[in-house]
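Enquirer: My questions all concern the structure below.
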Amino acid sequence: MIIYFSGIFGQLLVTISMTFFSEQSQIYVGILFVSYFDHYLTIPGALASLFTGIWLALRTHWGGLTKYYWILTKWIGNMFAILLGSSITGNVVYNLFPKILSSDLHPLQNPLYFQSRRMLFWGISISFILLIFLVIISYIKPWGKGD
């Protein structure tokens, strides 16, 4: 979870700092760092968190994925964060940004760059808030048994 959290937090910081970049090379490096955080921290951390969460739910005294509502909520929340992250981050970083950078137009003069950066910021922010919520419910375990 810490790797996952660090990847999302790093992506959020880089995305916020990209608002202050004015050179095309700085923008390119920002996009490169977002993709590095995604490849080396967020994706492995998300998958490891998902698989270890399922394993712990099935192999410990918690008794499965559906016995307690908070475990089911964490599982669904993690799946939603993974799908949101892969659809938004994947689309923006791996589809839209290469088109923007290969264009003859400077990114700061391209409205697609601003729209893509805003979409990336909101997607990462929602994932980050969702992860904070999942950590909180892991700690306080607010809901009882589902059976």
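The values are calculated or read from the model by the stated rules, or taken from the named source; none is laboratory data. Everything numeric in this text was worked out from a predicted model, so none of it was measured. Methodologically, a virtual Cβ is constructed for each residue, glycine included, from the backbone with ideal geometry; neighbour enumeration extends over all protein chains shown. With ligands, DNA and RNA removed, areas are computed over all heavy atoms of the protein, side chains included. Shrake-Rupley method; radii C 1.70, N 1.55, O 1.52, S 1.80 Å.
Enquirer: Consider just the alpha-carbon atoms of the stretch 4-62 and return their Rg together with their Dmax, both in angstrom.
Expert: 15.9, 55
Enquirer: Near K141, which lysines are there with a Cα under 17 Å away, not counting those fewer than 8 places off in the same chain?
Expert: K67, K74
Enquirer: Something else now. I need to check one value: relative contact order of the chain, counting alpha carbon pairs closer than 8 Å and at least 6 residues apart, in percent.
Expert: On the way: 143 pairs, mean separation 46.5, N = 147.
Relative contact order comes out at 32 percent.
Enquirer: Between L83 and Y139, what is 0.36 nm times their sequence separation minus the Cα-Cα distance? Round to one decimal in nm.
Expert: Values: separation 56, 0.36 × 56 = 20.16 nm, distance 2.38 nm.
Result for the pair: 17.8 nm of gain on full extension.
Enquirer: Quick one: with all protein chains in place, what share of the accessible area of the chain is carbon or sulfur, to the nearest percent (1.4 Å probe)?
Expert: Values: 5990 of 8490 Å².
Looking at the chain in its full context, I get 71 percent from C and S.
Enquirer: Moving on. Output ³J(HN,Hα) for the stretch 104-116: one whole-Hz value per residue in order, computed from phi by the Karplus curve 6.51 cos²θ - 1.76 cosθ + 1.60 with θ = phi - 60°, and x for Gly and Pro.
Expert: 6, 7, 4, x, 6, 9, 9, x, 5, 5, 5, 5, 5
Enquirer: Something else now. With labels modelled as points extended 7 Å from the Cα through the Cβ direction, what inter-label distance (nm, one decimal) is found for I126 paired with T66?
Expert: 2.7 nm
Enquirer: Taking the Cα atoms only, what angle lies between the long axis of helix 2-17 and the longest principal axis of the chain, rounded to 10 degrees?
Expert: 30 degrees
Enquirer: Given the C-alpha centroids of the stretch 89-147 and the stretch 1-23, what is the distance between them in whole angstrom?
Expert: 10 Å
Enquirer: Enumerate the calculated ³J(HN,Hα) couplings along the stretch 76-92 in order (Karplus 6.51 cos²θ - 1.76 cosθ + 1.60, θ = phi - 60°), each rounded to whole Hz, writing x wherever the residue is Gly or Pro.
Expert: Karplus values, whole Hz, x for Gly and Pro: 5, x, 5, 4, 5, 5, 5, 5, 5, x, 6, 6, 7, 4, x, 5, 6.
Enquirer: Could you work out the relative contact order of the stretch 13-100, using alpha carbon pairs under 8 angstrom and six or more residues apart, expressed as a whole percent? Working shown, then result.
Expert: Details: 33 pairs, mean separation 20.1, N = 88.
Reported relative contact order: 23 percent.
Enquirer: Sticking with this structure for a sec: Return one whole number: the accessible area per residue of the chain in Å², for a 1.4 Å probe. Don't skip to the end; give the middle numbers.
Expert: On the way: 8490 Å² over 147 residues.
That works out to 58 Å² per residue.
Enquirer: Rounded to the nearest 500, what is the chain's calculated 222 nm mean residue ellipticity when only DSSP H runs of at least 4 contribute -39500 (n - 2.57) each, over all residues?
Expert: Values: 6 runs with 106 residues, N = 147.
After summing the helix terms and dividing by residue count, I get -24500 deg cm²/dmol.
Enquirer: Right, next: Restricting things to alpha carbons, tell me how big the chain is in terms of Rg and Dmax, in Å.
Expert: 17.8, 60
Enquirer: Here is a follow-up. Find how much the distance from L58 to S6 grows on full extension, using 0.36 nm per residue of separation minus their present alpha carbon separation; answer in nm with one decimal.
Expert: Values: separation 52, 0.36 × 52 = 18.72 nm, distance 2.63 nm.
Working it through step by step, the gained length comes to 16.1 nm.
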